[in-house]
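Where a number appears in this text, it was derived from the coordinates with a stated rule and is not lab data. Quick caveat: nothing in here was measured; it's all calculated off a predicted structure. Counting neighbours? That spans all protein chains shown, and the Cβs are built from the backbone with ideal geometry, glycine included.
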Amino acid sequence: MHIVFAASECVPYANTGGLADVVGALPPALVKLGPQVTVYLPLYAQVRKHLPSELIRVIRSLTIPFDSYNRFAAIVDGGKRAGVQYYFVDCPELFDRPELYGPKGGEYPDNAERFALFCRAIIEATKQLGVPSIFHVHDWQAALIPVYLRTLYYYDPLFQSTSCVLTIHNAGYQGWFPPSTTQRLLFPWDLFTMDKLEHFDTFNFLKGGLVYSDILTTVSRKYAIEIQTPEFGNNLENVLTRRSADLRGILNGVDYSEWNPATDKNLIANFTPSDLTGKDACRNDLLKAFGLKPVANSTPVLGIVSRLATQKGFDLVAQIAAALDDRDLAIVVLGSGEGGYERFFRNWAAARPDRVAVHIGYSDKIAHLIEAGADIFLMPSRYEPCGLNQIYSLKYGTVPVVRATGGLDDTIEEWNPEKLTGTGFKFEGYLASSFLAAVDRALTAYAKPAAWHRLMLNGMAKEYSWTIAAKEYVAVYEEAASRRV
Ligand code: ADP
Ligand code: GLC
C-alpha cells in the first residue's frame, strides 16, 4: 500500500505547532508496519536549510492553471529519512517567504492560491512519481486534494482506485475565502452550494475536504465527539454529523526519541522513574535559564509551553493570576502568538519578577527545559483536539492540570488521593473558578511528597507511542481502500 501524505508542516522542515510533530512522526511509524509512505510539503524559505544548495528537481515544471494565468511549480527531491520519501512543491513566488501562513497574527492574502496550488501540484506530481492507494491529507491546507480528485479529476483513469483520508487537527482553522475563489481556482459554480464548498457565503477548504474524503479522522476520541456539537464544531457540526459514520478519533502518539528525560540531550541532568534526582537539577537549571532565584523544594514550579492563541485558554490564566500571586509557587512561560496574551504575560512577569518569568518566542530547547524542570504543567485549553505537551509532561514527571476537553480529557486521569490512582488534575466547565480549584488540588497534592512521587510515577509509566496510532491508521487506510476497488 502506498500512502501519500500532504501537509503544510512537518518537523524538522517547517513547524508552528503539533501538526508538524504528527506529520514528522507518523510516516516513519507507518513504514515500520509495511506501507510505503511519501510526504509532500511546500518548499518554504525555512525548508531550504535542510536541503542541498543545489536543489534536485525531479519534475522541473508542472502547469497549474488559475482563472486568467498559469503558475509553474517544480518538485524537489528531499530524499529519504527513516524509510520515508520527502518531496517539496517549489513555487518561490508563493512559498519563499519568511512565514508559513502570514505575518505575525495575520494571513497572507493569497493563501487560497498558495494552498490550492500545493494540492493540485501534488496530484499532478503523483501522476509521474507514483499514484498512491491513499491520499492522507491534513487540515485545510491540504483539503482540496479530495475535492479536485472527485470533481475536476473525476475521469482521470489514474485515480480511479485512489482513496482519500482527511485528518482534522484543528477545526478552528478552516481556510475561509471569498466566493470568487471558486472561479479563481477554476471550479464550476455549481460546486459553490451548501452541500459542497459553500459555507456561510465563503469558499471553505476544510468543508470541501470533509464532503469529498472517503474517511475522516481527528486526533482524539473525545474531539471526534465534540466537533459534532455547536460548541466545538465551529459551524461545521452539521457537516460532521452527516458524516458521523465515517469519522474516527485516533489519539496522536508522541515521539519518545525526542521527548524522554532519560536520554534528552537538552537537559543538564537526565532522570528516570527509578532515579529522579536529575529532576531537581533540571528544576534549578530551568529557574536559572529564566532568571529566577532558586526556590525551596516545597515551592512548586508551574510551566506553560504554548502557542498564545485563544484556543489555549490563557484568558483563564489571566483571571486567576492575582490568586496565584497569593500562593507559594513560581511560574515559567514559553510562548508566542497573539499580542494581547504576550502583553499579559510580560506585564505579569514585570509585576512579579521574583516568581513569574516569561520567554516570548519559539524555542525547542527551552520547551524541553520546561517539560523537565517544572513540577506542574498548565493547559487550560478552551478546546484541544489532542495536545502534545500534556503527554510530554507525563513522561517527564511534570503533573498536568488540564481542562477536560478533547485529547486532554482522553490522556489525563484525575488524581485520586485515597486510591493513589490518576495522572493529573482536570476541570470541566470553562470557568476561572474551576481552573483555580484544579490548581489548588494540585498544590494540596504537591504538599505531600510521598503521594506526589507516586503521582509522578503514574504519569511516567504512561506510553502514547506512535506504533499504536499507526496500527489504527493502517486499519483506516484498508477500510478507505476497500471502498474504491
Ligand atoms: P498546537 O498544535 O495546537 O499548538 P500541541 O500541543 O499539539 O498544540 O503541539 C504544540 C507543539 O508545539 C509542542 O511540540 C510544543 O512543544 C510546541 N510549541 C508550542 N509553542 C512553542 C514555543 N513557543 N516554543 C517551542 N515549542 C513550542
Ligand atoms: C492541532 C491541535 C492540537 C493537536 C495537533 C496535532 O494543532 O491544536 O491539539 O495536538 O494539531 O494533531
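Computed over the chain, relative contact order equals 13 percent, with contacts defined as Cα pairs under 8 Å that lie 6+ residues apart.
Here the chain carries DSSP beta bridges of which approximately 30% are antiparallel, counting only pairs with both residues inside.
Packing order of peptides 421-433, 473-485, highest average first: 421-433, 473-485 (average count of other Cβ atoms within 10 Å over each peptide's residues).
Think of it as helices only: each DSSP H run of n ≥ 4 in the chain is worth -39500 (n - 2.57), and spread over all residues that comes to -11000 deg cm²/dmol at 222 nm. Assuming charge only on the beta carbon of Lys and Arg (+1) and of Asp and Glu (-1), the dipole of the stretch 33-180 about its Cα centre is about 340 debye to the nearest 20. Can you tell me how the chain classifies by the Cα gyration tensor, rounded, prolate or oblate, using a/c under 1.5 as the rounded cut? Prolate.
Here Lys471 is the anchor, and the aspartates and glutamates within straight C-alpha reach of less than 13 Å, apart from those fewer than 8 places off in the same chain, are Glu479. In this structure, the pairs whose alpha-carbon distance is over 18 Å, taken from Lys49/Lys80; Lys419/Lys448; Lys32/Lys462; Lys365/Lys426, are Lys32/Lys462; Lys365/Lys426.
Among Tyr148, Gln174, Ser274, pick out the residue whose Cα is farthest towards the positive end of the charge dipole of the chain, where Lys and Arg carry +1 and Asp and Glu carry -1 on C-beta, about the Cα centre. Ranked along the dipole, the leading option is Ser274. Within a straight-line Cα-Cα reach of under 23 Å, Lys207 can be paired with the following lysines, leaving aside sequence neighbours fewer than 8 residues apart in one chain: Lys196, Lys222.
The stretch 342-392 and the stretch 26-101 have their alpha-carbon centroids 33 Å apart.
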